[in-house]
Each structure stands twice: as structure tokens, then as C-alpha cells.
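These notes concern the structure reproduced below.
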Amino acid sequence: MRRPGVARTMRVGLVLTVAGAVLAGTVAASATPQPVARVVTGTGPCGAASGFGSVWVAVYGTGRLVRIDPRRNRVVTRIRVARGICPIVVTAGSVWVASDVTNMLYRIDPRRRRIVARIPVANWPAHVTVAFGSVWVSAYERGTVARVDPRRNRVSRIYAVGGNPSGLAQAGGALWIAFGRNGSALGRLDPRSGTLTRSSIGHNGPGFLSTIGDSLWTTTADGFAVRFDPSAKQIVAAIPVPGTPAEAAAGPDGMVWVAEKQHNTLTRIDPDGNRIVDVTGAGPGALAIASAGGDIWVTSFAGREIWRFRN
């Protein structure tokens with residue numbers, strides 16, 4: 001499996017993790033999130049998204065796109081796509097997933113439960129997002145970002161951005177890019193002119209990138225959740241998340257939730273004070289997050305389940 005930094009996981013006791021957070025000056029809440037369901041998906045559940053009243057999981061190891069009914073906490077559909085699928089978005093009446101084994105973006109019709117388009121993309125599609133009426137795909141090893149027209153199911157433009165583009169997010173009239181591996185910057189891409197400007201974030205290897213409120217949130221290989229103001233083009237806060245933090249997402253409680261895949265934890269951050277509220281144990285290789293049914297769902301990439309959390 002080639003997902004960056006995912007293969008190595010390590011189980012650490014929750015008591016030690018929380019104790020470390022308290023020693024670091026964080027606040028431990030009494031009502032920490034609790035897992036209320038664990039749904040078996042198959043080996044290597046990777047990306048997750050919500051849509052059409054369901055939770056969708058791209059399962060890297062089996063190559064299946066799994067549909068989960070959150071009312072019953074059970075899998076209702078498994079669609080064969082391709083091994084290596086992980087990045088996932090829901091838009092234009094479809095579920096879109098990309099594979100870093102086939103270097104292909106797949107469009108799946110949820111009603112007919114089958115692939116309706118296969119769109120070639122460059123080497124190692126790391127992340128996908130929806131912005132400006134298009135689906136965007138970062139090519140981690142090629143140093144490009146592709147814009148896909150969902151009306152024609154084809155790449156409409158390729159932007160050469162250099163480096164190792166990873167996470168993607170729309171903010172402030174532009175597409176923002178996290179530059180991973182040896183990078184330490186976020187890039188602002190003007191979709192019309194193609195102009196790219198970079199802003200240093202002072203931390204190495206930003207990967208996932210999310211727009212939450214009026215901020216961008218990225219997680220870095222050196223163990224931080226970084227909050228960035230896209231208007232001022234500067235860091236608002238850098239919050240330590242020991243280990244290898246993965247996706248950050250907005251929770252139904254107004255907190256920012258961060259999955260961490262090395263120590264298998266889930267961290268909640270209060271965006272009003274930019275402080276850690278609590279840290280709880282999650283599944284092995286906690287990676288991607290989806291919000292559905294009023295709860296947070298977290299994939300366990302090093303396992304076979306997606307965990308449902310409620311606080």
C-alpha cells in the first residue's frame with residue numbers, strides 16, 4: 001500500500017495519550033466522544049464521505065466502494081471499483097473515488113450501483129475535492145493538479161504546480177493545495193489564470209487539507225494541526241497532535257476533529273480557543289472522517305472497520 005505514512009501504526013494506551021495531552025497544557029473534557037458502532041468494511045478502509053443518506057467508504061485493500069446505512073449501522077451495498085481507492089467526494093449526483101494503483105478517477109452512480117466513467121489521471125492521485133463546479137485531483141508524484149468537468153467526464157485542464165501536491169480545498173475564491181513530503185507550504189491557485197502563490201506554514205509535510213468555517217486546516221508530518229487564514233495568508237495556530245495526524249473535519253458539536261493514525265486517536269480542538277479539548281482512542285490507523293447521522297465516522301486504515309463516534 002502506498003498511502004503516504006499510513007503503513008506504520010502503533011498502539012499506545014489511551015491513558016498515556018490523554019496524560020500526555022494534559023501535561024502539554026491541554027484541557028481534558030469529562031464527556032469525551034465514545035464509539036457507538038463499528039462497521040466492518042473490508043481490509044484497509046481509507047477515504048470516507050457522506051451523501052444520499054449514507055456513509056461511503058473507499059476500501060483500499062479490497063477495491064470496493066462500501067455504502068453504509070447510518071440508521072442501521074450496516075453495509076447495504078458493496079461496489080467493485082479497483083484496488084487502491086481512497087480519495088472520495090460526493091457531487092453531481094455521483095460518488096467519485098480515485099485509485100493510486102490504476103491512476104484512475106472513477107465516477108459511480110449510487111442508484112445503479114456501477115461505474116459510469118473512468119477518467120485517467122496522473123501518477124498517485126492523493127486527494128480529490130469539489131470546487132468551482134469541478135472535481136479536482138492532486139497528482140502527488142507528478143506535481144500536477146487536474147480539473148475534471150463532471151458534465152463531460154474528462155480532464156478540462158492540468159495545472160503544473162510542482163512539488164508533491166496533496167490535500168485540496170476551496171477558500172477565498174481560489175483552490176488551495178497542501179504540498180507534502182518535503183514541503184512546508186500551502187499554495188493558492190487561481191483557477192482562471194493558473195497563478196500559484198505559496199505561503200509557508202513553518203511545519204513539514206502538510207497532507208490533508210480542509211476548509212472549516214473561514215479557515216483552512218491542515219495536518220503535518222511533524223505532528224501538528226495547523227489553522228491557516230486564507231485571507232491574511234498566515235498561520236492562526238499550530239496545535240500539537242502527537243504522532244501522525246490525518247484528516248481534520250468539522251464536527252456537529254462545533255469542534256474540529258482530527259484523526260491520528262500512528263497512535264490511533266481522535267482529538268477534538270476548540271476553534272474558539274485553538275486548544276485541545278480531549279483525546280480518545282480510535283481504530284487502528286485512524287485516517288479519514290465523515291459526518292453523518294449527527295455523528296463522526298472515522299476509518300481504521302490499518303484495520304477492517306469504520307468507527308462511529310458520538311459525544
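Across q = 0.11, 0.15, 0.17 Å⁻¹, segment 42-182 modelled as identical point scatterers on its alpha-carbon atoms has Debye log10 I(q)/I(0) values of -0.37, -0.68, -0.87, in the order of the q list. Across Arg151, Arg268, Arg74, mean-square fluctuation computed from a Gaussian network of the chain (C-alpha pairs under 10 Å connected) peaks at Arg151. Computed with a 1.4 Å probe on the full set of protein chains, the accessible area for Thr32 sits at about 40 Å². When the charge dipole of the chain is built from unit charges on Cβ atoms (+1 for Lys and Arg, -1 for Asp and Glu) and taken about the Cα centre, the candidate among Pro240, Ile306, Ser184 whose Cα reaches farthest toward its positive end is Ile306.
With a 1.4 Å probe and all protein chains kept in place, how do Lys261, Lys233 rank by accessible area, largest first?
Per-residue accessible area, sorted high to low, gives Lys233, Lys261.
Scalar couplings 3J(HN,Hα) for segment 253-260, obtained by applying the Karplus form with A = 6.51, B = -1.76, C = 1.60 to θ = phi - 60°, are 8, x, 8, 9, 9, 10, 7, 9 Hz; x denotes Gly and Pro. Across Ala246, Ala169, Ala237, mean-square fluctuation computed from a Gaussian network of the chain (C-alpha pairs under 10 Å connected) peaks at Ala237. In the elastic network of the chain, a GNM with C-alpha springs shorter than 10 Å, the most mobile of Pro150, Pro125, Pro245 is Pro150. Residues whose amide H comes within less than 5 Å of that of Val81, counting only those at least five positions distant or on another chain, are Arg64, Leu65 (H built at 1.01 Å from N in the peptide plane).
Hey, what D do you get for segment 137-266 in µm²/s if you plug the Kirkwood alpha-carbon radius into Stokes-Einstein at 4 °C and 1.567 mPa s?
The calculation lands on 87 µm²/s.
Residues whose amide H lies under 5 Å from that of Ala131, counting only those 5 or more places away or on a different chain, are Trp136; hydrogens are built 1.01 Å from N in the peptide plane.
An ellipsoid equivalent to segment 107-207, defined through the eigenvalues of its Cα gyration tensor, has semi-axes of 25, 14, 12 Å when rounded to whole angstrom and sorted largest first. Residues in segment 225-238 carry Karplus couplings, in order, of 9, 10, 9, 10, 8, x, 6, 7, 6, 8, 6, 8, 7, 10 Hz; the curve used is 6.51 cos²θ - 1.76 cosθ + 1.60 with θ = phi - 60°, and Gly or Pro positions show x. The spread of Cα positions in segment 252-311, taken along each principal axis and listed from longest to shortest, comes to 34, 26, 15 Å.
Size check on the chain: the Cα extents along the three principal axes, sorted descending, read 52, 44, 30 Å.
The values are calculated or read from the model by the stated rules, or taken from the named source; none is laboratory data. These numbers come from a predicted model, not from an experiment. Backbone-built Cβ (ideal geometry, glycine too); neighbour counts: all protein chains shown. The accessibility values were calculated without ligands, DNA or RNA, using every heavy atom of the protein model including side chains. Shrake-Rupley method; radii C 1.70, N 1.55, O 1.52, S 1.80 Å.
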